[in-house]
Amino acid sequence: MEREKTGLIACHWTIAGDQHPLRSNGISPNPLPARMAAAARAGFTGMGFLQSDLAHLLTQYKPAEIARMLADHGLVDIEVECLGDWFATDERRAASDATRRMLIDFGATVGAHHMKLMGPFDENLPVEHLTESFAGVCADAAGSGISIAIEMLPFSDIATPERTLEIVGDAPRGGIYLDIWHVRHGNVSDDQLRAIPLDRLIGIEVNDAIPDHGRSMFETTIEDRLPPGQGTLDPAGFVRTIREMGYQGPIGVEIISNAQRALPLDGAVKVAFDATAGCLQDHS
C-alpha cells in the first residue's frame, strides 16, 4: 500500500493526552499547536476534533485561524465528532442542535472530510423517526462539503450495517462509519461489509484489542484499545477488505486506553503512526 494513497487521521482520543471519556471535562491538556505539530511530524495527514474540546478551542481561536494552522502543517484529512441526540425530542435536542451547528460551521471552514454521529442507547425509537432525523442533519450540512456518518456501535440501538443503512436511506452525503473495534466486537462479517454500497461508506478507523471477557464491552471500548497490529482484530485484513470494496479515503487511528493516555504527546503520535504504518505495510 503506497503512502500517498493512504491518508491517516490522528483521531482526537489518540492525541488528547490524559483525558478520559467519562472522567474528564472533555478538554485536552495538550495545546492545539502542539497536537498539530506532533501529528504532522509523525506522518499523519490529518487530525480529529471532538465536540467538547472544540468548544473550548473556539474560545481561543477563530475557525479560520485553525484552518490556516492545519494548512501550515499539511493536515488535510479532518474529522469532526461526535454529534449525539440528533434524534431527541426532549430537552436534549436544544444542546444537540447547538453542537450540530458548531460542528458543521467549523467543519466547513477547515474542509472536514466527515462528521461522525452517535446513535441512541436503549431508546427503541422508530426507524422512520431516526431516518427523518438523520436526513435533517444532512440537510443542515448541505453545501458544507462534509459527509455525515453514523458510527455503528454494537452496544447502541444502531448496531449493524443493515440497520445503519436503513436509517441513512437516500440522504445526500450520508452514510456509515466503520471502526474496526465495533465491527469485530459486533461480529460483523466480511460479507456484511462487502454489502455496503461504496457511496455510503464514509470512513473507517483502526485500532486493535486482545479480548478481555472480564470487562463489559463498553468498558473495554474506552480502556483497552491497542495500537494496530498489537492485538487480534486483524486491522490489516480489515483495511484490505475495505480497499477491495473500492474505498480510497483516509483511515482514522483511534486508540483509547490508559496506556495511550499516559504517553507524552510525541510518544503517543509516534506509537500510533508507526504501529499503523507497519501494520498496513505502509512504509513510504
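Hey, what does the equivalent ellipsoid look like for the stretch 181-276, semi-axes from the Cα gyration tensor as sqrt of 5 times each eigenvalue, largest first, whole Å?
Working from the Cα gyration tensor, I get semi-axes of 24, 17, 10 Å.
Taking the Cα centre of the chain as origin and charging only Cβ (+1 Lys, Arg; -1 Asp, Glu), how large is the dipole, in debye to the nearest 20?
Using only the charged Cβ atoms, the result is roughly 740 debye.
What is the Cα radius of gyration of the stretch 87-163 over 2.2 N^0.38 Å, N being its residue count?
Scaled against compact globular proteins, the figure is 1.11.
Per residue, how much accessible area does the chain show when a 1.4 Å probe rolls over the protein heavy atoms, in square angstrom?
So the chain comes to 41 Å² accessible per residue, rounded to a whole number.
Just the accessible area for Ser144, please: 1.4 Å probe, Å², rounded to the nearest 10?
My reading of the accessible area for Ser144 is about 20 Å².
State which stretch of the chain is the longest one without any exposed GluC sites (Glu not before Pro), exposure meaning a DSSP loop state and at most 10 other Cβ atoms within 10 Å. Can you show the working numbers first?
Details: sites that count: Glu2, Glu91.
That would be 92-284.
Using bins 5 angstrom wide from zero, how does P(r) for the stretch 211-258 break down, in % of all Cα pairs?
5, 18, 23, 22, 16, 11, 5, 1
For the stretch 55-202, with equal point scatterers placed on the C-alpha atoms only and solvent neglected, what are the log10 I(q)/I(0) values from the Debye formula at q = 0.10, 0.16 1/Å, to two decimals?
For the stretch 55-202, the Cα-only Debye profile gives -0.36, -0.87.
Tally up the carbon and sulfur contribution to the accessible surface of the stretch 146-284 as a whole percent, 1.4 Å probe, everything protein left in place.
On the way: 2880 of 5440 Å².
Its accessible area is 53 percent carbon and sulfur atoms.
Translational D (Stokes-Einstein, µm²/s) of the stretch 1-121 at 10 °C and 1.306 mPa s when Rh comes from the Kirkwood sum over C-alpha pairs?
106
Once you have the alpha carbon radius of gyration of the stretch 128-178, what is it after dividing by 2.2 N^0.38 Å, with N set to its residue count?
Dividing the Cα Rg of the stretch 128-178 by 2.2 N^0.38 Å gives 1.07.
Once the mean 1/r over all distinct Cα pairs of the chain is inverted, what Kirkwood radius in angstroms do you read off?
18.8
Take every DSSP beta bridge with both residues inside the chain and express the antiparallel ones as a percent of the total, to the nearest 5.
Expressed as a percentage, antiparallel bridges in the chain total about 5.
The values are calculated or read from the model by the stated rules, or taken from the named source; none is laboratory data. All of these numbers come straight from a predicted model, not from anything done at the bench. For neighbour counting, all protein chains shown are included, and Cβ atoms are generated from backbone atoms with ideal geometry for every residue, glycine included. Protein only, heavy atoms only, side chains kept; ligands, DNA and RNA dropped before computing areas. Shrake-Rupley method; radii C 1.70, N 1.55, O 1.52, S 1.80 Å.
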